[in-house]
Every structure is written in structure tokens, then in C-alpha cells.
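Chemist: Sharing a structure with you now.
The values are calculated or read from the model by the stated rules, or taken from the named source; none is laboratory data. Keep in mind that what you see is a predicted model, and the values were worked out from it rather than measured. For neighbour counting, all protein chains shown are included, and Cβ atoms are generated from backbone atoms with ideal geometry for every residue, glycine included.
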Amino acid sequence: MSLLGVDVHALTVEEFNRIIADAITAGRRCVIASQNLHSVYLYHHDLRTRQFCAQADYFHIDGMALVILGRFWYSLPLRRDHRVTHADWMDLLMATAAAEGWRVFYLGSRPGVVERGAEILRARHPKLQIQTSHGHFDVSQQGEQNRSVVARIRQYNPHILMVGMGQPRQEHWILDNLPHLTANAIITTGAAMDYIAGVVPTPPRWSGRLGLEWMFRLASEPKRLWRRYLLEPWFIARLLLTESVTSKRLPSMLNSSRSSKGSD
């Protein structure tokens with residue numbers, strides 16, 4: 001299904017885990033990306049993000065705002081459990097990987113932080129096979145550092161490759177190196193390992209269900225996130241208004257309200 005010009009899949013954590021399991025069993029590759037208001041903004045402003053999205057197979061909804069807009073503006077059958085964020089998904093996926101014997105490679109985060117996060121995950125899931133490499137390197141496709149990282153990944157031959165270098169850097173990196181990556185599941189993860197390592201506070205999980213997680217993230221990282229949460233939503237509002245005018249369609253929330261008034 002599509003909203004705000006981007007594709008999303010109404011799937012739960014358990015359903016995404018089954019997609020990964022099926023890809024591993026079948027020996028095929030799938031690319032799983034995330035969609036939130038920031039990725040929507042990037043999609044409409046960055047050509048390479050659009051090119052990456054054309055290569056991805058699945059898009060999980062990483063933001064309650066998209067669930068709300070999908071339900072009340074687009075009349076899509078979205079539920080709260082279709083919001084799949086790595087703060088909730090990471091441990092469940094690692095538990096499954098440990099139980100199934102899947103090899104995991106995590107690329108991203110800062111030096112020291114990614115190793116600390118991996119140690120925490122190994123402590124939680126003793127059978128977990130995970131290797132890491134930090135994301136602070138020269139990502140030039142033909143650069144020596146990038147070639148070395150890709151070679152490490154290929155040598156380890158992971159079932160799951162998680163790339164957490166922030167948007168759109170992680171999407172650009174996957175796009176550039178996809179022909180050389182053999183993992184069955186390639187997943188963009190943003191700051192997932194920063195949360196695991198504890199260097200970025202994890203917002204209360206109830207805040208995500210209510211669509212308020214952005215407030216906690218902005219408070220913890222205002223310098224990095226102020227533009228994303230305070231400026232980019234104005235573009236989204238303009239996009240919605242433009243869609244309404246061009247399609248002559250009112251959001252379903254307003255239509256429902258008028259229908260209920262007419263029946264009184």
C-alpha cells in the first residue's frame with residue numbers, strides 16, 4: 001500500500017520475522033527498509049533514496065504518525081501493531097536468530113558503541129552469532145575502507161545484515177554495495193545499536209503507542225533532531241494539502257464526521 005507517495009507494508013514484528021525466516025530457508029535475498037515521516041521527506045528530496053526504495057522489497061512502518069495518517073487520511077487498514085520500530089523489534093529478532101543459529105552482522109554506530117551493544121545482545125542471547133563493524137569509515141564505493149568492510153561481511157557470510165548508519169547514509173550505502181552483499185536479509189536499523197548500548201536513551205514504550213516518542217527523542221538529541229521534528233513536518237503538511245487539492249479528496253476523518261452529523 002502507498003501513502004504520502006511511499007510504499008509501506010502492514011505487517012507485524014512476527015510477520016517480518018517470518019519473512020526473514022522464509023528468505024533464509026529459501027536461500028534468497030530480501031531488503032527491508034523503514035518508513036517514517038523523515039524517510040518520506042527524504043524520498044521526496046533525495047534521488048538516491050528513491051533509487052534505494054526501488055530496490056527494497058519490504059517497508060516496515062517506523063512511526064505512529066504514518067499509522068494515524070494511513071488510517072484516518074487514506075482509510076488504510078493499519079493498526080498499532082503495524083508500527084514496527086527497532087526499539088521493540090531488535091531483541092525479538094536476535095532471540096530468533098540465536099534460536100535458529102542465524103549469523104548476524106551489524107554495520108553502524110560509533111567505534112566502541114557497536115561492540116558494547118553486541119556484547120549486551122550476546123549476554124541476553126548466549127547462542128547469538130553476531131559480528132560488528134562501526135559505521136565511521138569512508139563509504140566511497142571504491143575506497144579502501146569500504147572495500148575492506150564489504151570483504152569482512154562477505155567472509156562472515158551472514159544470514160542477516162543490519163545497517164545502522166542513519167538516514168539516508170545507510171540507504172545510500174546499501175544501494176552502492178547491494179551487488180556485493182550476499183546476506184538473506186538486509187535491514188536498515190538507524191540508531192538501534194545506540195539504544196541497545198545505552199548511549200541514547202530509549203523513549204518509554206507507551207510513548208510510541210501514543211505517537212509521542214518524537215518528543216522524547218527531540219529532548220534527548222535536540223541538536224541532531226530539531227530539523228527533523230520541527231521543520232520537516234511542514235513539508236508533510238504541504239504534501240497532504242496538495243494531495244487533497246489535486247485529488248479533490250477530503251481525509252476520511254472529516255468525511256466520517258460529516259456523515260455522523262448528517263445522521264443525527
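Chemist: Quickly run through the range 91-120 and pick out the residues that are out of contact with any Gly (no Cβ under 9 Å at 6 or more places or on another chain), surrounded by fewer than 20 Cβ atoms within 10 Å (Cβ to Cβ) and either touching a residue at least 40 places away in the same chain (Cβ under 8 Å) or under 23 Å from Ile61 (Cα atoms) (or both).
Modeler: Answer for the range 91-120, where residues must be out of contact with any Gly (no Cβ under 9 Å at 6 or more places or on another chain), surrounded by fewer than 20 Cβ atoms within 10 Å (Cβ to Cβ) and either touching a residue at least 40 places away in the same chain (Cβ under 8 Å) or under 23 Å from Ile61 (Cα atoms) (or both): Asp91, Leu92, Ala95, Thr96, Glu100, Arg103.
Chemist: Looking at Glu115, Glu14, can you tell me which residue is at pLDDT 95 or above, over 28 Å from Leu212 (Cα atoms) and charged (D, E, K, R)?
Modeler: Values: Glu14 fails: over 28 Å from Leu212 (Cα atoms).
Unique residue meeting the criteria: Glu115.
Chemist: What is the number of the single condition among (1) farther than 19 Å from Ile174 by Cα; (2) in contact with a helix residue (DSSP H, G or I) (Cβ under 9 Å, 6 or more places away or on another chain) that Phe59 does not meet?
Modeler: Unmet for Phe59, out of (1) farther than 19 Å from Ile174 by Cα; (2) in contact with a helix residue (DSSP H, G or I) (Cβ under 9 Å, 6 or more places away or on another chain): (1).
Chemist: For a quick check of your reading of the model, give me the residue pairs whose first member lies in the range 209-222 and is farther than 16 Å from Pro233 by Cβ, whose second is among the charged types (D, E, K, R), with beta-carbon atoms closer than 8 Å and at least 6 apart or on different chains.
Modeler: Within 8 Å, the pairs are Arg209/Arg80; Arg209/Arg83.
Chemist: When only residues in the range 76-112 that are hydroxyl-bearing (Ser, Thr, Tyr) and assigned to a loop (DSSP other than H, G, I, E, B) count, which is modelled with the highest pLDDT?
Modeler: Initially, the range 76-112 is screened for residues hydroxyl-bearing (Ser, Thr, Tyr), giving 85, 96, 106, 109.
When the remaining residues are screened for being assigned to a loop (DSSP other than H, G, I, E, B), the result is 85, 109.
Values: Thr85: 92, Ser109: 95.
Ranking the qualifying residues of the range 76-112, first place goes to Ser109.
Chemist: Would you mind telling me which numbered condition in (1) part of a helix (DSSP H, G or I); (2) surrounded by 18 or more Cβ atoms within 10 Å (Cβ to Cβ); (3) not hydroxyl-bearing (Ser, Thr, Tyr) Val31 fails?
Modeler: That leaves (1) as the condition not met.
Chemist: Let me ask something else. Conditions first: (1) within 25 Å of Asp88 (Cα to Cα); (2) free of Cβ contacts under 8 Å to residues at least 60 places away in the same chain; (3) of a type in the set (Val, Ile, Thr). Val199 passes all but one, so which condition is the exception?
Modeler: (2)
Results for (1) surrounded by 14 or more Cβ atoms within 10 Å (Cβ to Cβ); (2) in contact with a His (Cβ under 7 Å, 6 or more places away or on another chain); (3) farther than 20 Å from Val84 by Cβ, shown as yes or no for each residue.
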{"position": "Gly166", "(1), (2), (3)": "yes, no, no"}
{"position": "Gln170", "(1), (2), (3)": "yes, no, no"}
{"position": "Ala183", "(1), (2), (3)": "yes, yes, no"}
{"position": "Thr189", "(1), (2), (3)": "yes, yes, no"}
{"position": "Pro201", "(1), (2), (3)": "no, no, yes"}
{"position": "Arg205", "(1), (2), (3)": "no, no, no"}
{"position": "Phe216", "(1), (2), (3)": "yes, no, no"}
{"position": "Glu221", "(1), (2), (3)": "yes, no, yes"}
{"position": "Arg224", "(1), (2), (3)": "no, no, yes"}
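Chemist: Among the residues of the range 121-142, write down those that are at pLDDT below 95 and either surrounded by 12 or more Cβ atoms within 10 Å (Cβ to Cβ) or touching a Ser or Thr at 6+ places or on another chain (Cβ under 7 Å) (or both).
Modeler: Answer for the range 121-142, where residues must be at pLDDT below 95 and either surrounded by 12 or more Cβ atoms within 10 Å (Cβ to Cβ) or touching a Ser or Thr at 6+ places or on another chain (Cβ under 7 Å) (or both): just Gln141.
Chemist: Check Ala54, Ala123, Ala33 and return the single one that is without any contact (Cβ under 8 Å) to a residue 12 or more places away in the chain and under 25 Å from Asp194 (Cβ atoms). Give the derivation first.
Modeler: Details: Ala54 fails: under 25 Å from Asp194 (Cβ atoms); Ala33 fails: without any contact (Cβ under 8 Å) to a residue 12 or more places away in the chain.
Step by step, each of Ala54, Ala123, Ala33 is checked, and only Ala123 is without any contact (Cβ under 8 Å) to a residue 12 or more places away in the chain and under 25 Å from Asp194 (Cβ atoms).
Chemist: Find all pairs meeting these conditions: Cβ atoms under 6 angstrom apart; at least six residues apart or on different chains; first residue within the range 128-149 and within 17 Å of Leu181 (Cβ to Cβ); second residue in a loop (DSSP other than H, G, I, E, B) and not polar (S, T, N, Q).
Modeler: Between residues of the range 128-149 that are within 17 Å of Leu181 (Cβ to Cβ) and residues that are in a loop (DSSP other than H, G, I, E, B) and not polar (S, T, N, Q), the close pairs are Gly135/Met165; Gln145/Phe137; Gln145/Asp138; Asn146/Val139.
Chemist: Then there is this: Quick check on this structure: which one of Leu178, Leu161 is aliphatic (A, V, I, L, M) and part of a helix (DSSP H, G or I)?
Modeler: Values: Leu161 fails: part of a helix (DSSP H, G or I).
Going through Leu178, Leu161 in turn, just one is aliphatic (A, V, I, L, M) and part of a helix (DSSP H, G or I): Leu178.
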